[in-house]
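Encoded as structure tokens, the structure appears first; notes follow it.
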Amino acid sequence: GKTDGKGQYRFFDPALYEQIKSRTRLKQHLIDAIERHQLQLHYQPRVATHSGQLCSMEALVRWMHPEQGIIPPLDFIPLAESSGLISRIGELVITQACAQLAQWRAQGLPLVPISVNVSPKQFLQGGIDRHLAAQLTEHQLPANLIEVEITESAMLGEHESILSQLSGLRELGVKLHVDDFGTGYSSLSQLQKLKMDVLKVDKAFTYQLGLSAEGRVFFQAIVSMAHALGMSVVAEGVETADQWRILDELGCNEVQGYFIARPMPAPDMANWMRQAQA
Ligand code: C2E
Ligand code: CA
Ligand code: CA
Ligand code: CA
């Protein structure tokens, strides 16, 4: 805003007004998109490092915009988080993932778990454990078919609401993954106390693997400490055969990345699974 000569606040600031208007418009578009089922999940396989066998897949949301094409999550998740829409999106993601599993089961595909990303903001709002339990019951799915990824940074505050949601999910039998591990400052012992099952090391560290000795040493330290504490390790952002080979040498449990497969729509994922079986 601006002040006039007498120190009084002048309301109208065209730039600010444009910004607010476009945020409001974007929020309304996002609400419409939710109602028109334009938010859809793509799936990216996660495989065992040594055998290459499919272990799980990550659900990654996209906005399938009729004019603008595919809008990536980083272009609308932050707005959803700041405008109170994130819980609706989070519920939609869980609903879609469970329905997808049920559909694949009906088609005779052997099921592997789907891991969903849950925003820290959504954890603060609560209700995820209840929504997930209801969806699992509705589709008669065991709880180990859904895994939850939560970013390392969310763990730092040890916020009461987040902790109680995490234990609610754990009681259901859902595996908990620490996403973007290595980008925050949480200690492994803290994560073990929170009974996290899996460390998903941020792709920045995978990128360093083939480039420097330090990159390798860092990863190796994470793997051995995680294993000593009973957690398993996933590397994300695996883009080369070389990275995959090093991760196998280091004993990293599972890998995910463009070198294995890009995120893809459900029908492509089903074909990928059929080929992987054959
Ligand atoms: P993330 O959870 O860390 O997801 C990994 C991101 O890396 C995804 O980007 C994925 O497509 C991308 N990726 C996968 N393999 C590779 C690779 O080999 N190299 C590189 N450079 N990138 C790779 P995406 O789908 O654009 O998602 C970005 C972020 O948006 C996610 O980061 C996650 O934080 C958020 N997000 C995605 N889906 C959801 C969702 O359903 N709910 C919430 N709350 N957040 C989501
Ligand atoms: Ca993730
Ligand atoms: Ca990540
Ligand atoms: Ca991330």
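The values are calculated or read from the model by the stated rules, or taken from the named source; none is laboratory data. It should be emphasised that the depicted structure is a prediction, and the values quoted were computed from it without experimental measurement. Don't worry about glycine lacking a Cβ; one is built from the backbone with ideal geometry, like all the others, and counts go over all protein chains shown.
Output the residues belonging to region 198-255 that are within 16 Å of ligand 2 (Cβ to nearest atom), β-branched (Val, Ile, Thr) and free of Cβ contacts under 8 Å to residues at least 60 places away in the same chain.
Once the filter is applied, which keeps residues that are within 16 Å of ligand 2 (Cβ to nearest atom), β-branched (Val, Ile, Thr) and free of Cβ contacts under 8 Å to residues at least 60 places away in the same chain, region 198-255 yields VAL198, VAL201, THR206, VAL233, VAL238.
Starting from residues that are modelled with pLDDT of 95 or more and in contact with a Leu (Cβ under 8 Å, 6 or more places away or on another chain), keep the ones in region 196-215 and report whichever is nearest to ligand 1 (Cβ to nearest atom).
Result: THR206.
Could you say which residue among GLN96, GLN165 is within 16 Å of ligand 1 (Cβ to nearest atom) and within 24 Å of PRO267 (Cα to Cα)?
Step by step, each of GLN96, GLN165 is checked, and only GLN96 is within 16 Å of ligand 1 (Cβ to nearest atom) and within 24 Å of PRO267 (Cα to Cα).
Go through LEU169, LEU163, LEU109 for me and flag whichever is within 20 Å of HIS42 (Cα to Cα), aliphatic (A, V, I, L, M) and away from ligand 3 (no atom under 16 Å from the Cβ).
One residue alone meets the criteria, LEU109.
Just to confirm my filter: which helices (runs of 4 or more DSSP H) fall fully inside region 17-126 and include at least 1 residues that are exposed (fewer than 13 other Cβ atoms within 10 Å of the Cβ)?
77-82, 86-106
Under 7 Å by Cβ, and 6 or more places apart or on different chains, what pairs join a residue from region 34-48 that is closer than 18 Å to LEU101 by Cβ and within 16 Å of ligand 4 (Cβ to nearest atom) with one that is outside any strand (DSSP E or B) and of a type in the set (D, E, K, R)?
That search, which allows pairs on different chains as well, returns GLN44/ARG262.
So for region 156-179 (the condition being within 16 Å of ligand 4 (Cβ to nearest atom) and part of a helix (DSSP H, G or I)), does at least one residue qualify?
Scanning region 156-179 turns up at least one residue that is within 16 Å of ligand 4 (Cβ to nearest atom) and part of a helix (DSSP H, G or I).
Restricting attention to region 180-195, does a residue exist that is part of a loop (DSSP other than H, G, I, E, B), within 11 Å of ligand 3 (Cβ to nearest atom), crowded, with 17+ Cβ neighbours inside 10 Å and not basic (Lys, Arg)?
Within region 180-195, the subset part of a loop (DSSP other than H, G, I, E, B) is 182-187, 194-195.
Subsequent filtering for residues that are within 11 Å of ligand 3 (Cβ to nearest atom) retains 182-183.
In the following step, the residues that additionally are crowded, with 17+ Cβ neighbours inside 10 Å were identified as 182.
Narrowing further to those that are not basic (Lys, Arg): 182.
Yes.
Among the residues of region 128-145, is any in contact with a Ser or Thr (Cβ under 7 Å, 6 or more places away or on another chain) and either within 16 Å of ligand 2 (Cβ to nearest atom) or not charged (D, E, K, R) (or both)?
There is at least one residue in region 128-145 that is in contact with a Ser or Thr (Cβ under 7 Å, 6 or more places away or on another chain) and either within 16 Å of ligand 2 (Cβ to nearest atom) or not charged (D, E, K, R) (or both).
Which one is farthest from ligand 4 (Cβ to nearest atom) among residues in region 194-203 that are more than 17 Å from ASN144 (Cβ to Cβ) and within 16 Å of the chain's Cα centre (by Cα)?
Result: LEU199.
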